[in-house]
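Heads up: the structure comes next, in structure tokens.
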Amino acid sequence: MPKTTITYQYKLVNCPGKTIVGMLVEYPPNGATPPHRHGGASVSAYMIHGSVLNKMNDDPTRIIEQGGSWYEAPGCHHKISANASQTEVAVFFVTFVLDSETFEREGSSVLVQYDEEYKDIITQKIRA
């Protein structure tokens, strides 16, 4: 599982009802996130170090390398998100823009919503 750190969160005054959240994500070697969605958020990400395997919806799997970026539209199904290296850490920065009401009601758990069949595994990993 990755290490995630929320670095900021602000209500967007020029976009009433929207909040922007920044998150730093660090995958250890061979690290990955199970298939997930992002709570109706628009998401963009920028690779700071290393590379990740990335598959969204039915698009082909891509390798995103340092300096690369990607965008996920609301409702996008992020099927593969994994460190492409067995030896190096992969680090990227994610920006979410989502409904303020949803973020206030559900908190940071709305940012990464794992597919139902993986929720038990995630719960076990978090407790370990």
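Hey, among Pro28, Pro74, which residue is at negative phi and touching a residue at least 40 places away in the same chain (Cβ under 8 Å)?
Working: Pro74 fails: touching a residue at least 40 places away in the same chain (Cβ under 8 Å).
Pro28 is the lone residue from the list that is at negative phi and touching a residue at least 40 places away in the same chain (Cβ under 8 Å).
Collect the residues in region 2-27 that are at pLDDT 95 or above, out of contact with any helix residue (DSSP H, G or I) (no Cβ under 7 Å at 6 or more places or on another chain), open to solvent by less than 50 Å² (accessible area, probe 1.4 Å) and of a type outside the set (A, V, I, L, M), keeping them in residue-number order.
Those that are at pLDDT 95 or above, out of contact with any helix residue (DSSP H, G or I) (no Cβ under 7 Å at 6 or more places or on another chain), open to solvent by less than 50 Å² (accessible area, probe 1.4 Å) and of a type outside the set (A, V, I, L, M): Gly22, Tyr27.
So is Gly40 open to solvent by 20 Å² or more (accessible area, probe 1.4 Å), at pLDDT 95 or above and part of a loop (DSSP other than H, G, I, E, B) or not? Let's see the steps before the verdict.
Working: open to solvent by 20 Å² or more (accessible area, probe 1.4 Å): yes; at pLDDT 95 or above: no; part of a loop (DSSP other than H, G, I, E, B): yes.
No, not satisfied.
The values are calculated or read from the model by the stated rules, or taken from the named source; none is laboratory data. The structure displayed is predicted, hence computed values, not measured ones. Backbone-built Cβ (ideal geometry, glycine too); neighbour counts: all protein chains shown. Protein only, heavy atoms only, side chains kept; ligands, DNA and RNA dropped before computing areas. Shrake-Rupley method; radii C 1.70, N 1.55, O 1.52, S 1.80 Å.
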